[in-house]
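Reviewing the structure listed below.
The values are calculated or read from the model by the stated rules, or taken from the named source; none is laboratory data. Treat the numbers as computed from the prediction; the structure is a model and nothing was measured. With ideal geometry, Cβ positions are generated from the backbone for all residues, glycine too; neighbour counts draw on all protein chains shown. Each accessible area value is taken on the protein alone, full model and side chains, heavy atoms only, with ligands, DNA and RNA left out. Shrake-Rupley method; radii C 1.70, N 1.55, O 1.52, S 1.80 Å.
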Amino acid sequence: MSTSPVTAAAVKPTLSTTYLPAEVEQPRYERWVAAGYFRARADTERPPFSIVIPPPNVTGSLHVGHALDHTIQDSLIRRRRMQGYESLWLPGMDHAGIATQNVVERQLATQGLSRHDLGREAFIERVWQWKASSGGAILGQMRRLGDSVDWSRERFTMDEGLSRAVLTIFKRLYEDGLIYRAERIINWCPRCLTALSDIEVDHTDDEGELVSIRYSDEIVVATTRAETMLGDTAVAVHPDDERYRHLVGTEVELPLTGRRIPVVADGHVDPTFGTGAVKVTPAHDPNDFEIGQRHGLPSPIVLDERGVITAPGPFQGLDRFEARPAIVAALREQGRIVAEKRPYVHAVGHCSRCGTTVEPRLSLQWFVHTAPLAKAAGDAVRDGRVRIEPGELAKRYFAWVDNMHDWCISRQLWWGHRIPVWYGPEGEVVCVGPEDEAPTGPGWRQDDDVLDTWFSSALWPFSTLGWPEETEDLARFYPTSVLVTGYDILFFWVARMMMFGLYARDGQQPFNVVALHGMVRDQHGKKMSKSYGNVVDPLDWIERFGADATRFTLARGANPGSDVPVSEEWCQGSRNFCNKLWNATRFALLNGAHTGGDLPAYEELSTVDRWVLSRLQHVIGEVDEQFERFEFAKVCDTLYHFAWDDVCDWYLELTKPVIEHSPATQRVLGHVLDQLMRLLHPVIPFVTEELWLALTGGESLVIAGWPAPDKSLVDDAAEADIGVLQRVVTEVRRFRSDQGLKPGQRVAAQLSGLAAAGIAEHEPLVRSLARLERKGDGFQATATLVVGGGITVALDTRGTIDVAAERARLEKDRIAAQKERAGAAAKLGNVDFLAKAPEQVVAKIRQRLAGAEAELARIDAALGALGERSRSEVLAEASTPPATQGRRVD
RNA sequence: GGGCGCGUAGCUCAGCGGAAGAGCACUCGGCUUACAACCGAGGGGUCGCUGGUUCGAACCCAGCCGUGCCCACCA
């Protein structure tokens, strides 16, 4: 074993034969944290780079979607940190209003208690207790993944500072007339007993029953929600509808109630749908509410907050779903049902939290007047201040912000930011805003409701940096550099951060780039769900394959904006890759690779060294571009192939014969691995750190510099030479494989033409990689491999060659080459092509033609060189016993 | 009902105007002293269909078929 003096391997830790992530990851992470590498400073000269984490719910634990999201962010942050940016990745959590309240309420329920038994203050206290004991499991799991977040800046949306930001912006919006209180139809969840915003409602195609009800001899209306008829205050028809024109202004009797309601004309009614007549229930349908407003209709509420009928009469007290058939039955008794009810599939809204069918309900709530805010949010993307990646998703963004409805922000919950509004004895607003002490006055009381969780999330990029104070952090790290998140919350979160960020910071955008990724799916592109049983637990993978393998698997599928399929098999592949790196470095260290001192002078480098250095420069350039474009899949692909193919399969094999005695190669190998570890570190931080430390003895890869391509190391000649060498080796190997020669079996050969091809010095390498012996006495060339480029390999394969098989192969190659030649020739014979195609392309085609002709010549030469005898003939005359037939015995 | 996207090797996906690619799977041969979580070689695709534009189309256009997602206040 080599012990070259410049080798530090002897004093470096020896590496085990297999990489065992479980042994190194957690301690390594804690050392990084302790060293303060992740802590960003506001007072340095370095350029800033900042990302705020999409705050996971305090109730959440790390799922594979987080793992993807975090891997991407960590890669960006780690690369910028290595590039010398003052990099801040700010962690934190969201208080998750409904979700968290539900968790604690369920806990209470097991003790037979409701939140009302405790009262508001005690309940909130209970939620904080829950958070302290069971909340935030995800934070520990982020450590397992290796997230290089700045823990010293961890925030929570219910922090004092963030709460102050919420109150401050509420007051400003209110004073600017952008927040108002009004009676509107809102989405109401009869189970959660709160209002929901539009995006908290999921629509599914449900099968309902459409019943047609005769309101009068001339008017029939249809509905899927028969129970709402108790709240009807009109029938509407289109103003131009001839069938009903004479009835407009008259009244009809509302069945079951005895009430008389007017027939009104309203342009909203579609005369071609159904009968062209619509029942109008202003208190329980958004359309009807607007019709009611236009015609000054009353809006009686007939369902209470739990969806129970309140209208006096026989149906009072019935749940909405019990009332529906009861009312239909009663109508039928009166002969009011025109046709049999028929199945009808239509979109029905469900509470995104609990799945309960949402009930549109007239209610007094607080709203954000979004039009001006949304306009600004759209413009910031339109004028390029904020870039959405991939660009195609910007269309979706525009579609959303350009059609945004006002945002209902009040929630009838206890857990959250309580609306900072106080009412006087008459219910009038007497005080709004972030008063340091609760304002008091005769008969004053604060609004009972809390704000939508997304209200505080919308402030996240600047509230976490100290706003409304003009802090150092805010000046330094805002606007944040990139926002990374899944396209699924483009509307929920991104659009709202844009609205509030631009508003709060007077037009300053919350982030410069929005990098969207897709959803993690299984290996067949299916959505992960518990019912399919295809849900991946990232912690399980981390446990079994390592955090790096988990991260690499995710990053490797992460094309901008597109979904990421993963499977355990692929994670195993990633684990194998990490192990490959491990073993390559282990081999390198055992053979004197090191990083001490400058690279050898260029003249001292072999062609092989020059080749690998040249390849490395290309790789650095490619990876940089791919990172800039958020093409993580390509980053992984580029590095995977460079590491595995170029470095391991070729460079290490090519240098094996010389490395022991070549200080230059030892130094180059050390350099290549050093650079490779740096390039891979953002994606797979753990294994690269271990290997880099062993290789360089440096402090930490986390704070090491990011590679830059060195153009002076690009060597086209070396790449061409090694390309030829690879071709020769591959051709010989192919021949050997086809002929059933054992890989270990040496075959005597004579190589010629290497000098003319400029790779004479590499003959020993070709021989060792292709396992070719020098010709000895009695050498008899029985087969000649014509590789091309004037290179031939004469082999002594007595008794081993299947001439027929080789001929068949060559004939096949010949057909392909002929086809190739014909194609190229046809092109070059095309006058239009020659006239119109760019010169570069014509030149390429000429090259192709020349290449095809050379290949044909090569094949013909090979065919000529091939003996006439078939395998059977060879075997027939062979005197060797059957067991070793076809095998040359050395 | 609107909008967006996708159909390329058995699977998952790159390529997006000038010679069909990768990973996994598959076949064959190998423990060649870094690695069998490995090494070497190989098979496999009229690039959804039909037209069009072009000297040239997997790539651009139109239509069709299939498929996925998002948005939606037609009872």
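Run the numbers for A:Ser61 and A:His524: contour at 0.36 nm per residue of separation, minus the present Cα-Cα distance, in nm. Walk me through the numbers on the way to the answer.
Details: separation 463, 0.36 × 463 = 166.68 nm, distance 2.49 nm.
So the extension gain works out to 164.2 nm.
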note = At the level of C-alpha centres, the distance separating the range A:721-745 and the range A:323-395, in angstrom, is 67
remark   = So the angle from the long Cα axis of helix A:839-865 to the longest Cα principal axis of chain A, reported in degrees to the nearest 10, equals 50
query = How many angstrom separate the Cα center of the range A:8-84 from the Cα center of the range A:170-188?
reply = 42
message = Place a point 7 Å from the Cα of A:Glu207 along the Cα-to-Cβ direction; which residues of the range A:328-351 have their backbone N under 14 Å from it?
response = A:342-346
ask   = So what is the 222 nm mean residue ellipticity for chain A from helices alone, if each DSSP H run of at least 4 adds -39500 (n - 2.57) and you divide by all residues, rounding to the nearest 500 deg cm²/dmol?
value = -13000 deg cm²/dmol
request  = Amide H neighbours of A:Ala783 under 5 Å, at least 5 residues apart or on other chains, H built in the peptide plane: list them.
outcome  = A:Leu795, A:Thr797
ask   = What angle do you read, to the nearest 10 degrees and between 0 and 90, between the alpha-carbon axis of helix A:371-382 and the longest principal axis of chain A?
value = 10
note = Sorted on mean Cβ neighbours within 10 Å (highest first), peptides A:133-141, A:297-305 come out as A:297-305, A:133-141
message = Going by amide H atoms built from the backbone, whose H comes under 5 Å of the H on A:Leu254, apart from near neighbours?
response = A:Arg259, A:Arg260, A:Ile261
ask   = Whole-Hz Karplus ³J(HN,Hα) for the range A:202-210, in order, using 6.51 cos²θ - 1.76 cosθ + 1.60 and θ = phi - 60°, x for Gly and Pro?
value = 9, 9, 10, 7, 9, 8, x, 10, 8
inquiry  = Using the Cα centre of chain A as origin and beta-carbon charges of +1 (Lys, Arg) and -1 (Asp, Glu), tell me which of A:Ala857, A:Ala694, A:Phe587 is placed farthest towards the positive end of the dipole.
reply    = A:Ala857
key: Peptide ranges A:523-534, A:76-87, A:391-402 listed from the most packed, as the mean C-beta count within 10 angstrom indicates   = A:76-87, A:391-402, A:523-534
ask   = In nm, to one decimal, how far is the modelled label at A:Ala720 from the one at A:Glu839, with both set 7 Å along Cα→Cβ?
value = 2.0
query = In degrees between 0 and 90, to the nearest 10, how far off the longest principal axis of chain A does helix A:64-82 point, with axes built from Cα atoms?
reply = 60
inquiry  = Suppose R0 equals 41 Å. What FRET efficiency, 1/(1 + (r/R0)^6) with r the Cβ-Cβ distance, do A:Lys375 and A:Gln572 give to the nearest 0.05?
reply    = 0.25
note = On the accessible surface of chain A, probed at 1.4 Å with all protein chains in place, carbon and sulfur together account for a percent value of 50
note = Once amide hydrogens are built 1.01 Å from N within the peptide plane, the residues lying 5 or more places from A:Leu303 or on another chain with amide H under 5 Å from its amide H are A:Thr310
inquiry  = I'd like the distance between the alpha-carbon centres of the range A:231-292 and the range A:779-856, rounded to an integer number of Å.
reply    = 82
query = How much area per residue is accessible in chain A when the probe is 1.4 Å and only protein heavy atoms are counted (Å²)?
reply = 43
ask   = Accessible area of A:Val269, 1.4 Å probe, to the nearest 10 Å²?
value = 10
remark   = Computed ³J(HN,Hα) along the range A:668-683: with the Karplus parameters 6.51/-1.76/1.60, θ = phi - 60°, integer Hz and x for glycine or proline, the list is 5, 4, x, 5, 4, 5, 4, 5, 4, 5, 4, 5, 7, 3, x, 8
request  = Take the Cα of A:Ala182, step 7 Å along the line toward its Cβ, and report every residue of the range A:387-407 whose backbone nitrogen sits under 13 Å from that point.
outcome  = A:405-407
task = Step through the residues of the range A:538-553 one at a time and calculate ³J(HN,Hα) from phi using the Karplus curve (6.51 cos²θ - 1.76 cosθ + 1.60, θ = phi - 60°), rounding each to whole Hz and writing x for Gly and Pro.
result = x, 5, 5, 5, 4, 4, 8, 10, x, 5, 4, 4, 4, 5, 5, 4
